[in-house]
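Below is one structure; the comments refer to it alone.
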Amino acid sequence: MIWIRICLAATVLLVATHTGAAGPARVAIIIDDLGYQLETGRRAIALPGPVAFAVLPGAPRATALARWAHESGKEVLLHLPLQANSDDKDDEPVRIDLDMSRDTVVATFDEALNSVPHVIGVNSHRGSLLTRHPGHMLWLMEEIRARGDLFFVDSYTTVESVAMQIAAEAGVNAVRRDVFLDPDRSPQTVARQFERMKLLAKKRGFVVAIGHPYKSTLALLERELPKLGEQGIELVPVSELVR
């Protein structure tokens, strides 16, 4: 009987740990695609709380905005472009493609890292094609691991992504995006997705959400982020959920 009670207590503790019942639900928010518009980027960086910012390598304002975010106490991620299924609108100056050799992948990753200062992690930009391919993802994860404490956030643009599996195999700390705040820019969509984020966080204990520096997204976050605490939700750095 004592053994059964011990097992039941351990089960309750495990469930509480994974559902967040032992403390407030935690939310990490990343704003993607910084690097082109200076004023919009600065408005995003001024958001309250430990919001993280993913900066596109090679973009004309990438260095300035990454430094601004770092000086503001915000976490900076390298928003690394990876090849997508459709590249019709993709003209990023730095990108990893499926037809690249390992040496080219390494050189491209080095170029990307060198263009964005204060990076503590990497998250994928687009990538619905490349994140499905274990070989190229392994090369990338090995390069991330070789650079020390960098972590990886899978933006999860395809359900066929193998990024999390390969990160685990390569020994890279990683986490996957749960909610896109703005799959379109309408204020109604952003508000609906924000509510979805909160419900999911309370259900499972933590959520990683990604948004973009759209006017509708920034307006909602400026208004709603200060209210999270009184709603039983803690806004945390994304690095906290990775670790």
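The values are calculated or read from the model by the stated rules, or taken from the named source; none is laboratory data. Computed from a predicted model, the values in this text were never measured in an experiment. All Cβ positions, glycine included, derive from the backbone under ideal geometry; neighbour counts span all protein chains shown.
Take the residues of region 190-223 that are surrounded by 14 or more Cβ atoms within 10 Å (Cβ to Cβ), without any contact (Cβ under 8 Å) to a residue 24 or more places away in the chain and not charged (D, E, K, R): which is farthest from Val162 (Cα to Cα)?
It comes out as Gln193.
Look at Arg145 and say whether it is part of a helix (DSSP H, G or I) and closer than 23 Å to Val116 by Cβ.
Criteria met by Arg145.
Let's see how each residue does on (1) in contact with a His (Cβ under 8 Å, 6 or more places away or on another chain); (2) farther than 30 Å from Arg132 by Cα; (3) assigned to a loop (DSSP other than H, G, I, E, B); (4) at pLDDT below 95:
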residue	(1), (2), (3), (4)
Ser161	no, no, yes, no
Ile166	no, no, no, no
Phe194	no, no, no, no
Lys202	no, yes, no, no
Ala209	no, no, no, no
Pro213	no, no, yes, no
Arg223	no, yes, no, no
Pro226	no, yes, no, no
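Among the residues of region 68-92, which ones are under 21 Å from the mean Cα position of the chain (by Cα) and assigned to a loop (DSSP other than H, G, I, E, B)?
Residues satisfying the conditions are Ser72, Gly73, Lys74, Glu75, Gln83, Ala84, Asn85, Asp90, Glu92.
So Asp103 ticks every box in (1) modelled with pLDDT of 95 or more; (2) under 21 Å from Phe180 (Cβ atoms) but one. Which box is left unticked?
Only one criterion is unmet by Asp103, namely (2).
Does region 129-150 include one or more residues that are under 20 Å from Leu181 (Cβ atoms) and hydroxyl-bearing (Ser, Thr, Tyr)?
Looking through region 129-150, none of the residues is under 20 Å from Leu181 (Cβ atoms) and hydroxyl-bearing (Ser, Thr, Tyr).
Need pairs with beta-carbon distance below 9 Å; first residue over 15 Å from Glu75 (Cβ atoms) and touching a residue at least 60 places away in the same chain (Cβ under 8 Å) and within region 102-126, second in a strand (DSSP E or B) and not aliphatic (A, V, I, L, M); sequence gap 6+ or separate chains.
Pairs found: His125/Asp32; His125/Asp33; His125/His79; His125/Pro81.
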